[in-house]
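Inspection log for the structure reproduced underneath, given as structure tokens.
The values are calculated or read from the model by the stated rules, or taken from the named source; none is laboratory data. All values derive from a computational prediction rather than experimental measurement. Cβ placement follows ideal geometry from the backbone for every residue including glycine, while neighbour counts extend to all protein chains displayed.
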Amino acid sequence: MKRQPSELLNKEGAPEVKMYFNLIKSTVITLIMAVLFSCENSMTDIKEITQQDTLPVVTAFKIEFERTDSGYRQIILRSDLMERYGGDDPYSVFPDGFEITFYDTAGKPKSFIKANYGVSYEKRKLMRARNNVIVKNFETEEQLDTENLVWNQKKREIYSGTFVKISTPDKVVYGDSLRAHESFKWRDIYNMRGAFDYVEEELD
């Protein structure tokens, strides 16, 4: 029996329809892969840009910075490692700690600040210190111990919003926070408590 043209088209057309759908499937997969690849490249670019923005522009070892006024030495900052970062708000990081010594007009050290970590913001003239922060006044022999400290260079003041311990030659004072002059010549201790006088033991 002779097949009708329409029947031939139906039977021979089935493979053509299957090939058509396979072509669509391949095209869709190709488009998806292209989009994913494009996204991957974009994410890589973003990651690289982010890494570039967080890389220090200057790294220095064993630094010593001196600030003078009218020929008189005021401050010396020392650190084993400094990493300087740029941007709109440039700052320097001292990941291995730092020490700042303050001098009087006669050139004698009068106080110092040291910590295991610090960040200094150049434009804001602000420095944040943390981890084993110590402030000492050589003239009064007083010492501050705390874990966080902010040094406002414009106001020449230091602040601590965490527990503080003040040691003097004759007593120890504790507080919840502190505001003081950078040289520690005056201070305000908040919620001060636990003043203990030192008593020297008599030797037999």
Take Phe112 and tell me if it is at pLDDT below 95 and touching a Leu at 6+ places or on another chain (Cβ under 6 Å).
no
Out of all the residues in the range 100-108, is one or more touching a residue at least 60 places away in the same chain (Cβ under 8 Å), part of a strand (DSSP E or B) and assigned by TED's automatic domain parsing to the domain that holds Leu149?
yes
Looking at Thr105, is it surrounded by fewer than 18 Cβ atoms within 10 Å (Cβ to Cβ), more than 26 Å from Ser70 (Cβ to Cβ) and at pLDDT below 95?
no
Sort out which residues of the range 176-204 are on the phi > 0 side of the Ramachandran plot and either among the hydroxyl-bearing types (Ser, Thr, Tyr) or modelled with pLDDT of 80 or more (or both), and write them in order of number.
Asn191
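Consider Ser111 carefully, then state whether it is in the same structural domain as Met192 (by TED's automatic domain parsing), touching a residue at least 40 places away in the same chain (Cβ under 8 Å), buried (at least 16 other Cβ atoms within 10 Å of the Cβ) and polar (S, T, N, Q).
yes
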So, in the range 74-91, exactly how many residues are among the β-branched types (Val, Ile, Thr) and under 13 Å from the mean Cα position of the chain (by Cα)?
0
Cβ-Cβ distance below 7 Å, separation of 6 or more or different chains: which pairs start in the range 64-81 with a residue that is under 14 Å from Ser92 (Cβ atoms) and in the same structural domain as Glu122 (by TED's automatic domain parsing) and end on one that is of a type in the set (Phe, Trp, Tyr) and assigned to a strand (DSSP E or B)?
Leu77/Phe65; Leu77/Phe98; Arg78/Phe98; Ser79/Phe94; Ser79/Phe98; Asp80/Phe61; Leu81/Phe61; Leu81/Phe94
So Thr68 fits all but one of (1) surrounded by 10 or more Cβ atoms within 10 Å (Cβ to Cβ); (2) within 19 Å of the chain's Cα centre (by Cα); (3) hydroxyl-bearing (Ser, Thr, Tyr); (4) at pLDDT below 90; what number is the exception?
(2)
Here is a list of conditions, (1) at pLDDT 95 or above; (2) within 28 Å of Tyr174 (Cα to Cα); (3) of a type in the set (A, V, I, L, M), and Val135 meets all of them except one; can you say which number that is?
(1)
Subset of the range 81-95 [surrounded by 14 or more Cβ atoms within 10 Å (Cβ to Cβ) and either in contact with a helix residue (DSSP H, G or I) (Cβ under 8 Å, 6 or more places away or on another chain) or outside any loop (DSSP other than H, G, I, E, B) (or both)]
Leu81, Met82, Glu83, Arg84, Tyr85, Tyr91, Ser92, Val93, Phe94
